[in-house]
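One structure is given here, and the rest of the page talks about it.
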Amino acid sequence: MKKKIALIITAAIMMVATIIGGTMAASKPEASVEHKVGTSNVDITVSPKDGINISGAVPGKPEDAVSTVKNTGGQSAYLRVAINKYWCNADGERNFDADAKQIEVHVNQEM
């Protein structure tokens, strides 16, 4: 009989604690917070836009062509540039049989 009364009292205490905890959780005030995030400008320009095309180039004869890649925006950034070298035939079609290793590229990394 004593165990039964102790069990009922324990259950009643747990029920009261659950009701009080649920009421406290439901009555918590909510607040709205607004964060404003701004970004800087990274603007990359490539000149010439269509890349370099040297018509009539002959292997072994140097041809000068300049292409520039610059960040003209307000935020500094690292730029990674990929250079694809290949020969084209007279029709402008890519010639896969020609050796692109003959095309030398000299990179100037001045800022």
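Quick one: is V46 open to solvent by 80 Å² or more (accessible area, probe 1.4 Å), modelled with pLDDT of 75 or more and over 16 Å from Q102 (Cβ atoms)? Can you show your working first?
Values: open to solvent by 80 Å² or more (accessible area, probe 1.4 Å): no; modelled with pLDDT of 75 or more: yes; over 16 Å from Q102 (Cβ atoms): yes.
No.
Which of the residues that make up segment 80-106 are part of a loop (DSSP other than H, G, I, E, B) and within 23 Å of V46 (Cα to Cα)?
R80, V81, A82, I83, N84, K85, Y86, G92, I103, E104, V105, H106, listed by residue number.
Looking only at segment 40-52, which residues are assigned to a loop (DSSP other than H, G, I, E, B) and either touching a residue at least 12 places away in the same chain (Cβ under 8 Å) or of a type in the set (A, V, I, L, M, F, W, C) (or both)?
Correct list: S40, N41, V42, D43, P48, G51, I52.
What are the residues in segment 66-79 that are within 13 Å of G51 (Cβ to Cβ) and assigned to a loop (DSSP other than H, G, I, E, B), if any?
Matches in segment 66-79: V66, S67.
Within segment 59-66, is there a residue that is within 23 Å of E110 (Cβ to Cβ), open to solvent by less than 100 Å² (accessible area, probe 1.4 Å) and under 25 Å from the mean Cα position of the chain (by Cα)?
Checked against the condition, which is being within 23 Å of E110 (Cβ to Cβ), open to solvent by less than 100 Å² (accessible area, probe 1.4 Å) and under 25 Å from the mean Cα position of the chain (by Cα), segment 59-66 yields no hits at all.
Looking at N71, N84, N89 in this structure, which one is open to solvent by less than 70 Å² (accessible area, probe 1.4 Å) and within 23 Å of the chain's Cα centre (by Cα)?
None of the other options fit; the residue is N71.
Here are the criteria: (1) of a type outside the set (G, A, S); (2) at pLDDT 80 or above; (3) not in a helix (DSSP H, G or I). Tell me which single one I5 does not satisfy.
Going through (1) of a type outside the set (G, A, S); (2) at pLDDT 80 or above; (3) not in a helix (DSSP H, G or I) one by one, I5 breaks only (3).
So, in segment 21-30, exactly how many residues are open to solvent by less than 90 Å² (accessible area, probe 1.4 Å) and either outside any helix (DSSP H, G or I) or modelled with pLDDT of 80 or more (or both)?
Within segment 21-30, residues that are open to solvent by less than 90 Å² (accessible area, probe 1.4 Å) and either outside any helix (DSSP H, G or I) or modelled with pLDDT of 80 or more (or both) number 1.
The values are calculated or read from the model by the stated rules, or taken from the named source; none is laboratory data. Computed from a predicted structure; not experimentally measured. Reconstructed Cβ throughout: ideal geometry from the backbone, glycine too, with neighbour counts over all protein chains shown. Only protein heavy atoms, including side chains, enter the accessible area calculation; ligands, DNA and RNA are left aside. Shrake-Rupley method; radii C 1.70, N 1.55, O 1.52, S 1.80 Å.
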